[in-house]
Amino acid sequence: MEPKDARSIPVPDMSDAISLNPEETVLFDKMNGKLVLKTKVCLREGLLEMFLCPKQTKEHESILTIDSKAQVIHAGLLALGAKPGHPVKYKPEFQPPQGQQIEIYVSWTDEKGKKHRERAQQWIRHATQRYFNTPLQSLPSEVKLVSGDKELKYDYASGVLIFFGRMTPDEKKGFLSRSQNAEYQKAVEALFQLGQLRELEASFVFAGSGFSKLSDGREVYQAEGGSLICVANFGDALLDINMASTASNDSGLLFEPWTERIP
């Protein structure tokens, strides 16, 4: 495994790499044990299901897109000796994606000609534009709640304190001043911590996707539909993260782009 400080790793010389597809977007570098994918940024803000998707599939919820068949990338990983496992399984019980861990880096040159290199995880953070909640058995009588998205809410039926988005230090200070009750203060602190910026901690694994048979008997590689490199678990993922990550908009997607880090 390569070190986490990707900036200290030079971009390998690709002069001996060969293209695996007509679009010349997937390069096979046997000497350095790498695939190099030529991608484009397609999303810098929003909620994520993918880190990378094939062109004209899921660009509305993927940071990167590539003009390539997903099966070409699968074949390239196999040629490098990577071992696929299996995508997420939900029945008879939940099993997270399995497979060989794959280190993914992004490299680009900025408008000043400076080269950059980072781990893919540095471009992905836990979603902040969502409701966070934490247990609070009862709301102190002295705490008065007002309406508005940037105010505290309390669910009396469930016994949870709720806040939307990132709580600022000044907002936390104001909420804490409303009551000295220890449980209330603990709950406010918990909501503040839940909303802070956090990188994706999970690793990417070679799940391997699979094939579906069409009515005419032809087989289709499932990841061509968009699930190339996922950050929400899909049963047709080529690569996925090795943790439980919802793919349901009803439950709330877990990740978003780290906008300020993405060119």
- Query: In whole Å and largest first, what semi-axes does the C-alpha gyration tensor of region 176-263 yield when each eigenvalue is scaled by 5 and square-rooted?
  - Reply: 40, 15, 11
- Item | Solvent accessible area, Å² - MET50, 1.4 Å probe, full protein context | 0 Å²
- Message: Once ligands and nucleic acids are excluded and a 1.4 Å probe is used, how much of HIS60 is accessible, expressed in Å² to the nearest 10?
- Response: 120 Å²
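Roughly speaking, to the nearest percent, how much of the chain's 1.4 Å accessible area is carbon and sulfur? Present the calculation step by step, with values, prior to reporting the outcome.
Numbers: 7190 of 14350 Å².
About 50 percent, which is the carbon plus sulfur part of the accessible surface.
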- Rounded to whole Hz and in sequence order, give me ³J(HN,Hα) for region 46-63 from the Karplus expression 6.51 cos²θ - 1.76 cosθ + 1.60, θ = phi - 60°, writing x for Gly and Pro. x, 9, 10, 10, 10, 9, 9, 10, x, 3, 6, 10, 10, 4, 6, 9, 9, 5
- Task: Could you name the lysines whose alpha carbon sits less than 25 Å from that of LYS186, not counting residues in the same chain fewer than 8 places away?
- Result: LYS144, LYS150, LYS153, LYS172, LYS173
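Enter the accessible area per residue of the chain (Å², integer; probe 1.4 Å; all protein chains in place). Numbers along the way, then the final one.
Values: 14350 Å² over 263 residues.
Result: 55 Å² per residue.
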- Item | Mean projected area (nm²) of the alpha-carbon convex hull when the chain is viewed from all directions | 18.5 nm²
- Query: When all protein chains stay in place, what accessible area (Å², nearest 10, 1.4 Å probe) is found for PHE164?
  - Reply: 50 Å²
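In debye to the nearest 20, how big a dipole does the chain give about its Cα centre with +1 on each Lys and Arg Cβ and -1 on each Asp and Glu Cβ?
Values: 32 positive and 35 negative charges, 66 e Å.
Roughly 320 debye, rounded to the nearest 20.
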- Euclidean distance between Cα centres, region 96-122 to region 209-232, Å: 25 Å
- Message: A 25 angstrom limit on the alpha carbon distance is what I want to check against. Which of LYS55/LYS114; LYS40/LYS114; LYS58/LYS89; LYS30/LYS58; LYS69/LYS115 exceed it?
- Response: LYS55/LYS114; LYS30/LYS58; LYS69/LYS115
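The values are calculated or read from the model by the stated rules, or taken from the named source; none is laboratory data. All of these numbers come straight from a predicted model, not from anything done at the bench. Cβ sites come from the backbone with ideal geometry, for glycine too, and all protein chains shown count toward neighbours. Only protein heavy atoms, including side chains, enter the accessible area calculation; ligands, DNA and RNA are left aside. Shrake-Rupley method; radii C 1.70, N 1.55, O 1.52, S 1.80 Å.
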